[in-house]
Amino acid sequence: MAQDERNVDGRRDKGSAIRPPAWEFLVFYLLLVAGCLVVMVTLPAFRGEAFLGLIVSLALAPIGLRGSAEAEGSMTDLADQIHEMSEAIHEMVNEGGLSEAAKRVIHRRQERDLLCRAIEQDIVDHDWDAAMILVKELAERFGYRKDAEGFRARIERGRAETYEEQVTRALQALEEKIEQKQWIAATEEAARIQRLYPDSPRVDNLLARVDQAHNRYKLDLERRFLHAAQREETEQAMELLKELDHYLSEEEAAQFREVARGVIGKARDNLGVRFKLLVQDKAWGEALAVGEEIIREFPNSRMAVEVRQMLEVLRERAGGQPGVSTSSG
């Protein structure tokens with residue numbers, strides 16, 4: 001009987017040790033949930049945070065009640081956590097009544113760090129204009145003028161380096177067109193570069209530079225043509241004359257007309273002599289090729305008329321030679 005009484009007393013003591021803390025936490029949780037609901041209704045700006053606090057409170061409620069029944073030590077830890085949550089909610093509620101200016105003061109360092117990271121990313125992306133806008137915000141709104149000046153120097157240096165790299169690549173592309181004698185494309189590229197990079201002194205007078213390169217090459221062609229004609233290097237002189245024809249106006253071509261006639265006559269005579277020798281040697285395939293060249297290069301000459309009269313015979317005879325392919329004419 002005494003043991004039963006002790007057991008009964010023991011249960012009574014244990015129950016009396018558990019029940020008060022459990023009821024206290026239950027009341028506290030109800031107040032915490034009510035506080036979250038009040039924040040959600042009265043402070044729309046913190047509705048999301050209050051909703052999150054409500055979810056956390058409801059989730060921790062059974063844990064807290066069960067912990068209070070299991071051990072006094074775990075209940076103390078849980079009470080500390082709840083106290084921290086309560087303090088956070090209290091701070092959030094108090095902050096809800098502050099003006100926007102006061103909130104900016106409280107979160108000033110966080111916003112500064114966020115702004116600095118955004119500026120760093122714009123610098124990495126070479127988005128210089130966007131970075132400068134944020135730098136101005138950092139200086140004027142937050143007052144970090146020293147930090148802003150450091151960013152501004154980096155941006156200006158990076159912009160200048162990128163600008164010069166772009167100018168260098170554009171000028172290299174222009175030089176390639178000049179080297180390839182693409183004069184029209186080079187002129188268009190020079191005009192485009194001057195429009196894109198007007199602040200660079202390296203693009204001054206680009207159109208004049210293209211014209212100078214064009215004129216230098218034309219003068220070089222004239223000199224090489226005259227030397228080849230003088231040395232009676234007829235084939236080379238003819239090739240140069242064909243290319244020079246694209247560079248000379250009617251007035252400019254007049255001074256080379258006599259020399260050109262001599263070169264052309266010499267080239268025609270040379271082809272005629274070669275054609276006759278090939279026919280005499282019965283080299284029908286080679287004779288056919290030279291005859292077609294005469295017709296192509298000197299279509300209005302008397303020699304071309306004579307060759308046309310022989311083409312059919314040349315094709316028949318050239319077709320009868322093994323290993324010779326005839327053209328269609």
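Looking at R141, R109, R154, can you tell me which residue is surrounded by fewer than 12 Cβ atoms within 10 Å (Cβ to Cβ) and more than 30 Å from E243 (Cα to Cα)?
One residue alone meets the criteria, R109.
Please tell me if A213 is free of Cβ contacts under 8 Å to residues at least 60 places away in the same chain and surrounded by 12 or more Cβ atoms within 10 Å (Cβ to Cβ).
So A213 fits the description; yes.
Rundown of residues vs (1) of a type in the set (A, V, I, L, M); (2) under 55 Å from the mean Cα position of the chain (by Cα); (3) under 30 Å from I184 (Cα atoms), yes/no style:
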| site | (1), (2), (3) |
| --- | --- |
| A228 | yes, yes, yes |
| Q236 | no, yes, yes |
| S249 | no, yes, yes |
| L277 | yes, no, no |
| A283 | yes, no, no |
| S301 | no, no, no |
| R317 | no, no, no |
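Against the condition surrounded by fewer than 15 Cβ atoms within 10 Å (Cβ to Cβ) and either among the charged types (D, E, K, R) or touching a Lys or Arg at 6+ places or on another chain (Cβ under 6 Å) (or both), how does R224 come out, does it pass?
no
Matching residues to (1) modelled with pLDDT under 85; (2) of a type in the set (A, V, I, L, M, F, W, C):
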position: V167; (1), (2): no, yes
position: K181; (1), (2): no, no
position: Q236; (1), (2): no, no
position: R257; (1), (2): yes, no
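Taking the range 246-259 only, how many residues are within 16 Å of W183 (Cα to Cα) and either surrounded by 12 or more Cβ atoms within 10 Å (Cβ to Cβ) or outside the structural domain of R223 (by TED's automatic domain parsing) (or both)?
Number of matching residues: 2.
Go through the range 122-141 and report how many residues are under 15 Å from the mean Cα position of the chain (by Cα) and part of a helix (DSSP H, G or I).
Count: 4.
From (1) touching a Ser or Thr at 6+ places or on another chain (Cβ under 7 Å); (2) surrounded by fewer than 16 Cβ atoms within 10 Å (Cβ to Cβ); (3) among the aliphatic types (A, V, I, L, M), pick out the condition that doesn't hold for L219.
With respect to (1) touching a Ser or Thr at 6+ places or on another chain (Cβ under 7 Å); (2) surrounded by fewer than 16 Cβ atoms within 10 Å (Cβ to Cβ); (3) among the aliphatic types (A, V, I, L, M), L219 is out only on (1).
Is it the case that E243 is on the phi > 0 side of the Ramachandran plot and assigned by TED's automatic domain parsing to the domain that holds L271?
Against the criterion (on the phi > 0 side of the Ramachandran plot and assigned by TED's automatic domain parsing to the domain that holds L271), E243 does not qualify.
Give, as residue ranges, the helices (runs of 4 or more DSSP H) completely inside the range 194-280 that count at least 2 residues that are closer than 30 Å to A318 by Cα.
Ranges flagged: 234-244, 257-280.
Out of the residues in the range 195-210 that are within 13 Å of A170 (Cα to Cα) and crowded, with 17+ Cβ neighbours inside 10 Å, state the one that is nearest to the chain's Cα centre (by Cα).
Y197
The values are calculated or read from the model by the stated rules, or taken from the named source; none is laboratory data. Treat the numbers as computed from the prediction; the structure is a model and nothing was measured. Glycine also receives a Cβ, built like all others from the backbone with ideal geometry; neighbour counts cover every protein chain displayed.
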